[in-house]
Amino acid sequence: MNRHKQPPNIRPMIVPLLLILCLSGVCDAEELRTYQRFDGYFNNLLTAEIGSAGRPLARNITSSYLDETYMPSGRGRPNPRQISNELFKDPSALSRPSIQNKTAFFAFFGQMVQREMTSTDDTTCPIEIMEVPVPRMDTDFDKEGRGERYMPYERRAYDKNTGQSPNNPRRQLNKASSYIDGSFVYGNSAVRTSYLQQPGSGKLACFDHHQKTPVLNDVRLPYHAYPTHDGKILNPEKLWRVGDTHAFENPWLLSLNLMFFRYHNDVAERAHAAHSDWSADDVFQYSRRWVIATMQKIIMYDWLPLLVNMDVNELKPYTGYKPRVNSEITDLFDAAAINYIMTLIPSAVYKYNSFCKVIGEPIRLCHTYWNGMQIVDQTQDSVEEIWRGMTSQLAEADDIYVVEDIRSKFYGPLFYSRHDAVVLTIMKGRDYGLPDYNTARREMGLTPLNNISDFLVINPELNETQAGQDLVKRLEMLHKGRVDHMDIFVGGMMETTSSGPGPLFTAILLDQMYRVRDGDRFWFQNKDNGLLTDKEVDTIMNTTVKDLLMAVTGGMIKSMNPPNELPDNVFLMAHDHVCEHQAPNISALAPCPEHEGFDFFAGSEIPYIIIWTCLGLLPLVVILCAYVFTKCRQWRYNRRRQEARQEKERRRILRRTMSSSISVMDAKEWRGKEAPRTIELHLTTKGTLEVFTTMGSHLRSIKLSAMSAVNVKLSANKKRNTVLVQVPQEYDLVVMFLNEEERNIFMDSLAEFVSGYELVDLVSFEIRETDLLNLATTKEKRNAMLEKFFKTIFKEAFQMDYDPALDNAQLDMRKQSKEILEIELSKEEFAEAIGVKANSDFVEHFFSLIDSDRNGYISFREFLNAVVLFSKGSCQDKLQTMFYMYDIDGSGVMSKAAIGQMFRSLLDLAQSKPDLDEVQRLVDSLVEQAGLQHKHDFTFDDFCQILAPQMDKLWNASFDWKGVSKHSKVATPKPTKNTKKTSSENSDALRHRTLSLGNALDGSAGNQRAGGLLFEAVRESYSPLKARVKLVKHFIENFRQHIFFMILFYGIVFGLFAERFYYYTVEREHSGLRQLMSYGISITRGAAASMSFTFSFLLLTMCRNSITYLRSTLVNLFIPFDSHVSFHKLVAWTALFFTVLHVLGYSFNFYHLVTQPTSFLCIFESVVFRAEFIPTFQWWLFGTMTGFTGVLLVVVLTIIYVFATQTARRHIFSLFWTTHKLFIALYVLTLVHGASVIVQKPLFFAYFLGPAGLYMMDKLVSLSRKKTELSILRAANLPSDVTMLEFKRPPRFEYKSGQWVRIACLSQGKDEYHPFTLTSAPHEDTLKVHIRALGPWTWNIRETFDPENLGPNTRYPKLYLDGPYGAGQQDWYQYEVSVLVGAGIGVTPYASILKDFVHMSSINCTYKVKCQKLYFIWITGSQRHFEWLIDILREVEEIDKDGMVDIDIFITQFFQNFDLRTALLYIFEEHFQKMTGGVSVFTGLKATTHFGRPQMNKIMTAVHKAHPSVKKVGVFSCGPRGVTKGVERACMEASKTTKALFEHHFENF
């Protein structure tokens, strides 16, 4: 085999040269000069990238973009689809065989040439779609005649460095190398070729032992993915490994690829047999070189001359390699001239067997798109049968017509299954910015046409037939006679004659092929490259396609019958061809598939709904879980207290058994809008129906024996279990029993009970339950009537401007006035009016006094007289009333016992329980002070004499009637006598008490009244606008730091959102993201940026140790560290808002992504989609790292936020603490979430690293403390459910008074920490905390340290300590004067502060602090609530010898200051203090005790008057929000009305 000789031995001379070139850095270039690269690089050594794969198309004509840059040309040109219908559609619908006898082999070989030299099917990324309107009633694309359809054209990929300006217009990319280098067989990259090779043999890998087909593509080499005729995209793994990505477009193109595949292996086998010493790589490269040379020869010297109707000798002779010739493919060639071959391709081709007989029906082109392998691999001889068919069947004639399989049934993308190749070609020219047809002729050296009729001149064949003339007329009509509006492809095709393409396409084709040949350094005729010998070149010049077919079939002719039927030129059908030509009957073939769209969302509908529903329900599920955990926790807690409840129930049953009740029944009371409550109904021997709670608290009493008739209504429907007892002058009683049987039992008991009273009748009848409930006078209705009752009385008593006629529904004034006058108050309603309990001794006496007619009710007139008496009456009248209240027998005298009973009843109202001996000693002292110690009974004059020293307190006393505004109370004149002493010594000294805050409360300080001066109710002028402006100004003044940092924080947050939103909306508008996802991508990326900042910033708010340290620096003056917990919550809620926005945005983004073709998703560079893969919604959510981590993040965040709510923290704190540790997973998932780089490079770490580093250092400090176990030295369960723990102070533990720590108890879990304020002082050797039992953990602590639960030798459990941490209370020492306001358990920080301050003053260390005066205001419902604080305050009083601390106690569960009862208690309190050396009867302290709530505005004013030189006063409050807000308002008011600034620091619990 002489043509397969060994390549020349050039290695000896290459080695020294390679060494030199390697040293100079061009080793690869020299190596590639020996072996041609697959991508075309370094073919031209002057410019290495010339002609390489991926290069922009060359331009041999000036572009004509609409904007001269990138916008498609073609304005004014006709609709491409209309052009296709009018010009390219064969009106005969019959096959037109080639007049020149060109075979189908020639036509499909031309398609192979196109794929070998060009690959411009890749689309732009992001996708750019040009829409071609479909003419109405188009038979293929608009059968319904809607006229609204469009044919999409996806613009071709272009060089991103072009299209920026008119000087650099857009240039499209050619992914194939421009050279004829066998890329159709070997691919255009070394990687792809490496997968095609068969290791160790130099062959292309074969699937079968016959070496007829390649191996399967199990490595998933990429191919162009288009749907088959049945709308499916084939799995690449089921295809063969071939070099060209278009090889599977149709079976005939694939068969040509197999022809060269087999030919390569044939050459390799022969080369290896002849030269066994060659390596596999040498064999492969030699075989490849031979195949390429053969392909070059056939294309250039066999196929091209026949295409352009030239003799091979008419071609320009090859004169050698010309490196300066630009061999790159031009846009005219790719978008116009080479597409001429589509007119030659037939609709169908028969297969022929070895006997030249037709096999079955012809294979129609439209049925084989992208399904060629199934046909080629149908049988073992299928490819040979296809080759015979292509050589035995004529191609279509050279004309303008294109078969329907290409023109209207061409393959399209999945979302547009059928297309028009003519339309695509025309649109490609416009996409490339090609000018009009005349400009192309001019650029190619041809004469332009003056008008369209000139086609009859340049193409005379058009004028020879009527069809040709009609064609020109249609062309002229379409273009409106304007040649300059004609596309190049259309004009070039109009030039076509029966012998081939016209002058324009011929010129373009020849120009391109000449440049490819002359500019190819590896052209087989180039002797200078030294790759082929002259003999080898001659051999190749004599090789034809017939030789290839004979070689690859192993003697195909020999197996034929008759032999030698294969013509020498398979591109032409000889007249004596053995196999008879049989043209397929197109009309008899199966119709092509109709055009269809594709629903990319199919298969995602149900998952989309289910998944988003699940995510939407996720918070509810987590809430349900939290609820279950709460119930479990409560169940365990309730189980521990079950015995206590059982004991209470036992006592209740015992109480019911031992009561004087005739009958006791359980029921539920219906209360209108309020929830029903469980009650007990007692029929007593006193002739009453008593109503109790199940715990034994008395609710009301109904005296049935005093009624003339007991009216009862019974429900007649539903459960028949409801009873209405109508009570005159009171609200009715509506009860619901468990069932009708229990109701009947009650009615029987009631009837029997009433029958015992002769004057009382029981009247009952049944009505519908709805009517019964509407008929009932509920307490709400009764209260509305009483409100009018009180307002009318107060109008008469205080001249208030109230008119009942102005109330809603007051239409009949006479009727309403009559109802008001007829209203009578029961004892319970009277007790509620004066704000005390109905069963108190005081109410019993007072009610009996006012009820003059002794009917058990107070009438309008009786109540009015009492109000006027205590509001306007003289002091003598008021005292006389009190005297009569306790002159029970009306004898006109009171005994000492009666006076003692009066004080005891008042003390009972104050929830104070002094000994009887103490009260008796008080009475004796008062009597002795009045000089009446010799008497045992006292007249009214004696009573006045006893109380005379305190007459100033009684002078303005009245009852605190509920419903009367404090501004409406009128004081009566009193004598001009100042009995209140005000201490004025050392008024300027801050270290001595100068003013009692109690005086500020009752108005005796700074409000001295002259004789006859009256307090009157004055209406101030009120402007809502001014009031709001003033409120806003004060708010800004007090919270200016908070407002500044709020504005700064939200400025950054929304600034980040706006920046990202703008970036993706404007700056990256052409990236394709917004095109796919609209503004959803802008919103989600903006939200992501804000989330990154807020979630990272959260770590800073958790650096408790750092915040505690910074509080002691100057930074604290500018940053409100006190509010770091509130700010933490604010940042968290802000992060949650943007998280929800981010998730909701992606719910729309994912929908948009799922509904897009896979090719449109090329914008996601980090995601590689398989050719046949259609990403679904569930894939985006669970198949990507970003989606999956996003789902996990949603779950984690939901758990964290749900368990961080106030309710969860209160009931399941341990789970709150545990779930809050998920923040580590949160940040890890967030980092991974952005690592996929689907949309942008991750930026979260830029926000995260700084705060994370600070937080880790801060956490290390906390961890160093948590490791130490602390022993409890002392524990005590104090009253009011408070537990005191005293434990060892850790070494080097330094803290400030007012700071707090976090404590974990080993018995409750060492990881469950709870915050508590230290009540010990910094100078003490131990630490103390006082824990009030409110939730499960605190109750468990109380039970743990209950002496009953601790054995005699049981040790206390260990504690773990974390802290201390700063709080706003610790800054008390920075002010000269500080006011401490504590309410409830909020007094705990002040216990430490008071002890610390007094200790420093006792050892003369106050120079260390700025503060010289402390005012402590304790607001408590009762002094019994926090008896433990009494001991601390007593200790403070013992140490405070210089009066540096003022303590005022306000007992709120009592009355207002000018209440008669309060005045009498003041008398009792003041006299008791005189008797005991200043000790309070209520608290045992020297501190002033007040009854009622403090008037904080007056207190602040009094503080300023006591210290006028102080310019800044620190006010610290801790307690419920209502208290701290009241203090805040008082500070704002005092800052406005005084010269001092009252700075408020507060904490809520």
Residue pairs qualifying under the 7 Å Cβ cut-off, at least six apart or on distinct chains, with the first in the range 419-440 being open to solvent by 20 Å² or more (accessible area, probe 1.4 Å) and the second being among the acidic types (Asp, Glu) and modelled with pLDDT under 95, are ASP436/ASP484
Any idea which residue in the range 74-94 is least open to solvent (accessible area, probe 1.4 Å), counting only those that are assigned to a loop (DSSP other than H, G, I, E, B) and over 18 Å from ASP436 (Cβ atoms)? ASP90
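I need the full set of residues from the range 32-73 which are outside any loop (DSSP other than H, G, I, E, B) and either out of contact with any Asp or Glu (no Cβ under 9 Å at 6 or more places or on another chain) or open to solvent by 20 Å² or more (accessible area, probe 1.4 Å) (or both), in order please.
Residues satisfying the conditions are LEU32, ARG33, THR34, ARG55.
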Selection from the range 345-391 of residues that are part of a loop (DSSP other than H, G, I, E, B) and touching a residue at least 60 places away in the same chain (Cβ under 8 Å): ILE345, PRO346, SER347, SER354, PHE355, CYS356, THR368, TYR369, TRP370, ASN371, ASP377, GLN380
Cβ-Cβ below 6 Å, separation at least six or inter-chain, first residue in the range 215-236 and polar (S, T, N, Q), second open to solvent by 50 Å² or more (accessible area, probe 1.4 Å): which pairs? ASN217/GLU237
So is THR1319 open to solvent by less than 10 Å² (accessible area, probe 1.4 Å) and either under 30 Å from THR630 (Cα atoms) or not charged (D, E, K, R) (or both) or not? yes
Do we find that LYS1505 is part of a helix (DSSP H, G or I) and modelled with pLDDT of 75 or more in this structure? yes
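Quick check on the range 141-189: of everything there that is farther than 30 Å from LEU256 by Cα, part of a strand (DSSP E or B) and in contact with a Gly (Cβ under 9 Å, 6 or more places away or on another chain), which residue is least open to solvent (accessible area, probe 1.4 Å)?
Of everything passing the filter in the range 141-189, MET151 is least open to solvent (accessible area, probe 1.4 Å).
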Kindly indicate the residue of the range 1128-1186 that is under 15 Å from TYR608 (Cβ atoms) and polar (S, T, N, Q) and also nearest to the chain's Cα centre (by Cα) among those meeting that condition. SER1147
Does at least one position in the range 486-504 carry a residue that is within 60 Å of the chain's Cα centre (by Cα), surrounded by fewer than 21 Cβ atoms within 10 Å (Cβ to Cβ) and not in a strand (DSSP E or B)? no
If ALA1132 passes every condition in (1) over 20 Å from PRO619 (Cβ atoms); (2) open to solvent by less than 40 Å² (accessible area, probe 1.4 Å) but one, which one does it miss? (1)
With the first residue restricted to the range 263-279 and required to be open to solvent by 80 Å² or more (accessible area, probe 1.4 Å), and the second required to be β-branched (Val, Ile, Thr) and outside any loop (DSSP other than H, G, I, E, B), Cβ contacts under 7 Å at 6 or more apart or on different chains are HIS272/VAL283
Considering only residues that are open to solvent by less than 20 Å² (accessible area, probe 1.4 Å), more than 60 Å from the chain's Cα centre (by Cα) and among the polar types (S, T, N, Q), which ones fall in the range 510-542? ASN526
Out of (1) at pLDDT below 80; (2) open to solvent by less than 50 Å² (accessible area, probe 1.4 Å); (3) in a loop (DSSP other than H, G, I, E, B); (4) not polar (S, T, N, Q), the one LEU21 does not meet is (3)
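Every residue, every condition in (1) open to solvent by 40 Å² or more (accessible area, probe 1.4 Å); (2) of a type outside the set (Val, Ile, Thr); (3) touching a residue at least 12 places away in the same chain (Cβ under 8 Å); (4) within 25 Å of TYR1247 (Cα to Cα), yes or no:
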{"position": "ILE1163", "(1), (2), (3), (4)": "no, no, yes, no"}
{"position": "VAL1167", "(1), (2), (3), (4)": "no, no, yes, no"}
{"position": "THR1186", "(1), (2), (3), (4)": "no, no, yes, yes"}
{"position": "VAL1191", "(1), (2), (3), (4)": "no, no, yes, yes"}
{"position": "ILE1200", "(1), (2), (3), (4)": "no, no, yes, yes"}
{"position": "GLN1206", "(1), (2), (3), (4)": "yes, yes, no, no"}
{"position": "THR1219", "(1), (2), (3), (4)": "no, no, yes, yes"}
{"position": "LEU1222", "(1), (2), (3), (4)": "yes, yes, yes, yes"}
Could you check SER327 against (1) open to solvent by less than 30 Å² (accessible area, probe 1.4 Å); (2) in a helix (DSSP H, G or I); (3) touching an Asp or Glu at 6+ places or on another chain (Cβ under 9 Å); (4) not hydrophobic (A, V, I, L, M, F, W, C) and say which number it fails? (2)
Members of the range 1499-1514 found to be within 14 Å of TYR1375 (Cβ to Cβ) and under 51 Å from the mean Cα position of the chain (by Cα), listed by number: MET1500, VAL1503, HIS1504, VAL1510, LYS1511, LYS1512, VAL1513, GLY1514
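The rows are residues; the columns are (1) open to solvent by 10 Å² or more (accessible area, probe 1.4 Å); (2) part of a helix (DSSP H, G or I); (3) out of contact with any Lys or Arg (no Cβ under 7 Å at 6 or more places or on another chain).
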{"position": "SER1509", "(1), (2), (3)": "yes, no, yes"}
{"position": "PHE1516", "(1), (2), (3)": "no, no, yes"}
{"position": "THR1524", "(1), (2), (3)": "no, yes, yes"}
{"position": "ARG1529", "(1), (2), (3)": "yes, yes, yes"}
{"position": "MET1532", "(1), (2), (3)": "yes, yes, yes"}
{"position": "SER1535", "(1), (2), (3)": "yes, yes, yes"}
{"position": "PHE1546", "(1), (2), (3)": "yes, no, yes"}
Is there a residue being in contact with a strand residue (DSSP E or B) (Cβ under 9 Å, 6 or more places away or on another chain) and either touching a residue at least 60 places away in the same chain (Cβ under 8 Å) or surrounded by 20 or more Cβ atoms within 10 Å (Cβ to Cβ) (or both) anywhere in the range 1253-1264? yes
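Restricting attention to the range 213-242, report how many residues are part of a loop (DSSP other than H, G, I, E, B), of a type in the set (Lys, Arg) and surrounded by fewer than 20 Cβ atoms within 10 Å (Cβ to Cβ).
If we filter the range 213-242 for residues that are part of a loop (DSSP other than H, G, I, E, B), which is where we start, we get 213, 215, 217-235, 239, 241-242.
Remaining after also requiring of a type in the set (Lys, Arg): 220, 232, 241.
Filter again for surrounded by fewer than 20 Cβ atoms within 10 Å (Cβ to Cβ), leaving 220, 232.
Final tally of qualifying residues: 2.
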Check whether at least one residue in the range 707-721 is within 14 Å of ASP666 (Cα to Cα), touching a Leu at 6+ places or on another chain (Cβ under 8 Å), modelled with pLDDT of 85 or more and surrounded by 13 or more Cβ atoms within 10 Å (Cβ to Cβ), and report yes or no. yes
Among (1) free of Cβ contacts under 8 Å to residues at least 60 places away in the same chain; (2) under 52 Å from the mean Cα position of the chain (by Cα); (3) within 18 Å of HIS485 (Cα to Cα), where does PRO72 come up short? (1)
In the range 917-951, residue most open to solvent (accessible area, probe 1.4 Å) [restricted to those that are in contact with a Gly (Cβ under 9 Å, 6 or more places away or on another chain) and part of a helix (DSSP H, G or I)]: GLN945
Tell me which helices (runs of 4 or more DSSP H) are completely within the range 1213-1283 and hold 1 or more residues being farther than 20 Å from THR1198 by Cα and at pLDDT 90 or above, or say none if there are none. 1244-1266
Is there any pair linking a residue in the range 1518-1534 that is at positive phi to one that is crowded, with 21+ Cβ neighbours inside 10 Å and modelled with pLDDT of 80 or more, with Cβ under 8 Å and at least six apart or on different chains, and which? GLY1519/VAL1381; GLY1519/GLY1382; GLY1519/ALA1383; GLY1519/ILE1419
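The values are calculated or read from the model by the stated rules, or taken from the named source; none is laboratory data. All figures in this text were calculated on a predicted structure; none of them were measured in a lab. Note that each Cβ is placed from the backbone with ideal geometry, even for glycine, and that neighbours are counted across all protein chains shown. We work out accessible area using only protein heavy atoms, side chains counted, and drop any ligands, DNA or RNA first. Shrake-Rupley method; radii C 1.70, N 1.55, O 1.52, S 1.80 Å.
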